[in-house]
Amino acid sequence: MRIISISALCLLALSVASGQWLERTILLPDSLGGLGSPQCLVYNSANSSVYVGGECGDCVIVVDAATGRKTRRIPVGRDVRDLCYDPNGNKVYCANAGSNNVTVIDCNTDTVVAILSVGDGPRALCYNSADNKVYCANAGHDDSGYDSTVTVIDAATDSVVATVVVGTAPLALGYNPVDNKVYSANWRSSDLAIIDGTTNQLITALNVGYQPVALCHNPTTNKVYCANLYSDDVTVVDGTADSVIATVSTGEGPKALCHNPADNKVYCANYYGDNVAVLDGISNNVIATVLVGRFPQALIYNPTDNKVYCANMSSDDVTVIDGATNVVIATVTAEYHPCALRYGLVEDRVYCVNKWSNVLVAIDGEADTVVATVSLGVPPVALCYDTTYDRLYCANSWSDNVAVVDAGLNRVLAIVSVAKVPYDVCCNPTGRKVYTANWLSDDVTVIDGETNRIIAVLPAGSYPVALCYNTTDSKVYCANPYSHNVTVIDGANDSVLTTLPVGREPRTLCYNSGSNKVYCASYHGDNVTVIDGPGDSVTATVSVGTNPCAFVYCPTSNKVYCANKWSRNVTVIDGITDSVVATVRVGDGPCALCYNPTDNKVYCANAGRYSDFDSTVTVIDGTTDSVIATLVVGNGPGSLCYDMAHNKVYCANTGLYLGYDSTVVVIDGATDSIVGRIVVGLAPVALVCDPLESRVYVANCKSSSISVIRDSIPPGIEEKDEGGRMKDEPLTATVMRNVLFLPDAYGVKRGASCILFNITGRKVAELKPGPNDIRHLGSGVYFLRRGKAGTTTKVIIQK
């Protein structure tokens, strides 16, 4: 081990000015990513491109249909619900339900040329080719009720020319080119409004089934079909006479429609029936019912090959139906939750977006095989920081990968494909490895920290969700909720040592470095299992509150704190005797904890439960185990982390009951007051502190991004490299050959001690003046504190 430079950072009083700011946003998986929950797409035949919009990310991503490569990321409004292509002007219109406007994109340059205010919550678009108009259905609602309008846009001037009052909450639009009419299916009023395409006047409104959700036009017979989700039928309307001519029972939950002009058939996907009903275009009778995947919700017709494609949300596949025979001819695996389809005539491909995995899948129309998979974004759910290489690891659940970020440069170094749905990630600094718990594949992936390559895949229990690392024995523990056990992994040779039965549905783990124990919370067992670190055996079972879901370890007093979601309290466990020493009442739905070693405090985020919601952080005194403050932070606080260098606590407000939040609140650790509120991406779910760069990283699950928050560096004492002297101190601590030497003149009296903490605030060593053996410590960043109120020195150990 070489001599390591040690820089001092004094923990300053509140009077010292400091601040936090959003330094940058790292889009995932790359600079053309950042789209969360894609839910609509449109095909541009002129440019041979696919435009994709989503619930989160405030953007539209353009993909070259031939090569499958992303070409542009276009900023638009919030929550893109629908896209519409205007071939006359080569433009794409984007309905932004979250910002109540329509963005107009010039496809020649892929730039925004207009932003038009429309009604509340625009949900659907359609194009009128006869008059070159775009129609926007507004179905949002506020305290005054639902919207009931359709906005008419002149596509030549990109200006609003009319607002038509229709039924309540229009969710779907359709165009009849034969009679130049526009149809609006109104969800709340269960009727169908018919608009004259020339005059923009309401012609009539027809009663249809209960809660209509989809429309299609049959040009062969000039009929309009309306799918009614909760009356399990399809209303057939005469396009000329504007009258209902039939009501056809199709199956449970008709949700999508499409027309086959070659055989004059109409297809209806029944969401709750897991099938597609085939209607004869002349008789309106159901002539076949085709079994497909689970929860079908989108249909598209392929005119080149006379096939119908059905996206099945829950079975993660696309069913291919022969248009002539009504027989299933293929089932194509299409990632997680396919929800929308479009056909590209030039390439003869079907394009499918997948809401959970954030990808665009291209299916060859002739062979019915996947020919391209384009990552539009990733949903990050967990973070860990590796001090050895100054890297951040981000587990992206439904994208089945881990993003590796250079923390110094704030850029993505690599995307490592792992098994299905990585749910947690942790670092092994001793072995310089990273582990992911893969929820759907029942295993743990081991990644080499230097090369970012997978070096092992280890079997775990059923649906693994949580990991923790034992720094003393270099072991990794994996909680498996559905098999009710914990897998113990040797961190040196990456082999499974044993599997220990614990309580019902273990969900979270915590390591006690003071007593070398691991604590496992059983969510439905209402208890905590204590595992002996050296012996890998269960030594105790501690009864706690209802639904324990989060831990934090307090090294100062050797206590473990356990947040119990449904009993609204925190159980305090003595780390030596494993007995309950206190139960602290907190807010509603406690779900996250963190420890402040500087002031010996525990912070508890209270996010609420189901119909209830909370917005507070409870501050607990670590000595008396009593509540000393309650702070109102934001909607659904779900994650906490501590920045020792600045004595700050960061709270990510994920949101849930009132919609997603997008803020991180900064709490001063000394005064327990809110000193900052930073806007990040949507649904921040995980935080981690990088003390080397003085940054906090935020995983934004719905925005497919990582926010980087920087803190101003408080004025401290800089010391020279290679153990050089600081101006204000005669001698400094020195690290050499597995020994940390603490001089007598360092400000510590003979017989007294300094405490060495790791970056999570855990006590890892007690140091005396003179030589101290630190062979048991891995490479990384540590903090040396002199006395209870003394300064804190950052120590970097590299082996």
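Take the Cα gyration tensor of segment 176-225, multiply each eigenvalue by 5, square-root it, and list the three semi-axes largest first, rounded to whole angstrom. Spell out each step's value before the answer.
Working: eigenvalues 67, 41, 10 Å².
Result for segment 176-225: semi-axes of 18, 14, 7 Å.
Put +1 on the Cβ of every Lys and Arg and -1 on every Asp and Glu Cβ in the chain; which of Thr577, Val544, Gly98 then has its Cα farthest towards the positive end of the dipole?
So the residue furthest toward the plus end is Thr577.
Select one label from (1) 65, 33, 30; (2) 52, 29, 24; (3) 56, 26, 24: the one whose number is semi-axes √(5λ) of the Cα gyration tensor in Å as derived from the coordinates shown.
Recomputing semi-axes √(5λ) of the Cα gyration tensor in Å here gives the entry labelled (3).
When the dipole is taken about the Cα centre of the chain, and only Lys, Arg (+1) and Asp, Glu (-1) are charged at their Cβ, what size is it in debye, to the nearest 20? All intermediate terms of the calculation are to be shown ahead of the outcome.
Values: 57 positive and 78 negative charges, 524 e Å.
Dipole magnitude for the chain comes out near 2520 debye.
Set the Förster distance to 41 Å, then compute FRET efficiency between Ala114 and Asp280 from the Cβ-Cβ distance, nearest 0.05.
Values: r = 43 Å, r/R0 = 1.06.
After rounding, the FRET efficiency stands at 0.40.
Test of understanding: what is the full-extension gain from Gln201 to Arg432, defined as 0.36 nm times their sequence separation minus their Cα-Cα distance?
Working: separation 231, 0.36 × 231 = 83.16 nm, distance 6.87 nm.
Once the chain is fully extended between Gln201 and Arg432, it gains 76.3 nm.
In what sequence, highest mean first, do 362-368, 554-560 appear when ranked by Cβ atoms within 10 angstrom?
Working: 362-368: 17.7, 554-560: 21.1.
Averaged packing, sorted descending, gives the order 554-560, 362-368.
Let's test the formula: R0 of 51 Å, r as the Cβ-Cβ distance of Ser45 and Arg453. What FRET efficiency results, to the nearest 0.05? It would help to have the intermediate numbers written out before the result.
Working: r = 42 Å, r/R0 = 0.82.
Once the sixth-power term is evaluated, E becomes 0.75.
May I ask you to derive the FRET efficiency for Thr541 and Thr373 from their Cβ-Cβ distance with R0 = 45 Å, giving the value to the nearest 0.05? Before the final figure, lay out each step's value.
Values: r = 46 Å, r/R0 = 1.02.
Efficiency, from the Cβ-Cβ distance: 0.45.
Read phi for every residue in segment 318-333 and hand back ³J(HN,Hα) as whole Hz from Karplus 6.51 cos²θ - 1.76 cosθ + 1.60, θ = phi - 60°, with x for Gly and Pro.
For segment 318-333, the Karplus-derived couplings read 10, 8, 10, 10, 5, x, 8, 9, 6, 10, 6, 10, 6, 10, 10, 5 Hz, x marking Gly and Pro.
Report, by chain and number, residues whose modeled amide H sits under 5 Å from the one on Gly636, excluding near sequence neighbours (fewer than 5 apart, same chain).
Answer set, sorted by chain and number: Asp614, Gly655.
How far is it, in nm, from the label point at Tyr482 to the one at Thr220 when both lie 7 Å from their Cα along the line to the Cβ?
4.4 nm
Compute the signed sum of charges (Lys and Arg +1, Asp and Glu -1) over the other residues within less than 10 Å, Cβ to Cβ, of Ala460. Show your work: numbers first, answer last.
Working: positive: none; negative: Asp442, Asp443.
So the environment of Ala460 carries a net charge of -2.
With θ taken as phi - 60° and the coefficients 6.51, -1.76 and 1.60, list the Karplus ³J(HN,Hα) couplings across segment 535-541 in order, rounded to whole Hz; mark glycine and proline as x.
x, 6, 10, 7, 10, 6, 10
Going 7 Å from the Cα of Ser31 in the Cα-to-Cβ direction, what parts of segment 391-427 have a backbone nitrogen less than 18 Å from that spot?
Answer for segment 391-427: 404-415.
Take Leu413 and Asp322, extend 7 Å from each Cα along the Cα→Cβ direction, and tell me the distance between the two endpoints in nm.
5.4 nm
Would you give the gap between the C-alpha center of segment 268-306 and the C-alpha center of segment 433-503, rounded to a whole Å?
44 Å
A 27 angstrom limit on the alpha carbon distance is what I want to check against. Which of Lys307/Lys420; Lys601/Lys794; Lys420/Lys702; Lys70/Lys702 exceed it? Spell out each step's value before the answer.
Numbers: Lys307/Lys420 31 Å; Lys601/Lys794 21 Å; Lys420/Lys702 19 Å; Lys70/Lys702 20 Å.
From the list (Lys307/Lys420; Lys601/Lys794; Lys420/Lys702; Lys70/Lys702), the Cα-Cα distance tops 27 Å for Lys307/Lys420.
What is the percent carbon and sulfur in the accessible area of the chain, measuring with a 1.4 Å probe over the protein chains and ignoring ligands?
Working: 13760 of 27880 Å².
Whole-percent figure for carbon plus sulfur exposure: 49.
If the cut-off is a Cα-Cα distance under 16 Å, which aspartates and glutamates reach Lys768, setting aside same-chain residues fewer than 8 apart in sequence?
Asp744
Please list, in chain and number order, the residues 5+ apart from Asn100 or on another chain whose amide H is under 5 Å from its amide H, with Hs placed from the backbone.
Under 5 Å from the amide H of Asn100 lie the amide H atoms of Gly121, each far enough along the sequence or on another chain.
Assigning unit charges at the beta carbon (Lys, Arg +1; Asp, Glu -1) and nothing else, what dipole magnitude in debye, to the nearest 20, does segment 280-410 show about its Cα centre? Please list the in-between numbers first.
Numbers: 6 positive and 15 negative charges, 73 e Å.
Approximately 340 debye in magnitude.
With a probe of 1.4 Å, find how much accessible area segment 561-633 has per residue, and write the answer as a whole number in Å².
On the way: 2500 Å² over 73 residues.
Ligands and nucleic acids excluded, the result is 34 Å² per residue.
Return the aspartates and glutamates within reach of Lys265: Cα separation strictly under 18 angstrom, same-chain partners fewer than 8 residues apart disregarded; answer none if there are no such residues.
Reachable aspartates and glutamates: Asp233, Asp238, Asp280, Asp305, Asp322.
Using 7 Å Cα-to-Cβ label points, what is the Leu497/Ala629 separation (nm, one decimal)?
Label at Leu497, label at Ala629, 4.0 nm between them.
With θ set to phi - 60°, apply the Karplus curve 6.51 cos²θ - 1.76 cosθ + 1.60 along segment 117-122 and write out the HN-Hα couplings as whole Hz, x wherever there is a Gly or Pro.
In residue order, the calculated couplings are 6, 10, x, 7, x, x Hz.
Name the long-range amide H neighbours of Asp442: under 5 Å, sequence gap of 5 or more, or other chain; modelled H, no Pro or chain starts.
For Asp442, whose amide H was placed from the backbone, the distant partners under 5 Å are Tyr463.
The values are calculated or read from the model by the stated rules, or taken from the named source; none is laboratory data. Predicted model, so just to flag it, every value in this text is computed and none were measured. Note that we place each Cβ from the backbone using ideal geometry, even for glycine, and neighbour counts take in every protein chain shown. These accessible areas exclude ligands, DNA and RNA; they are computed on the full protein's heavy atoms, side chains included. Shrake-Rupley method; radii C 1.70, N 1.55, O 1.52, S 1.80 Å.
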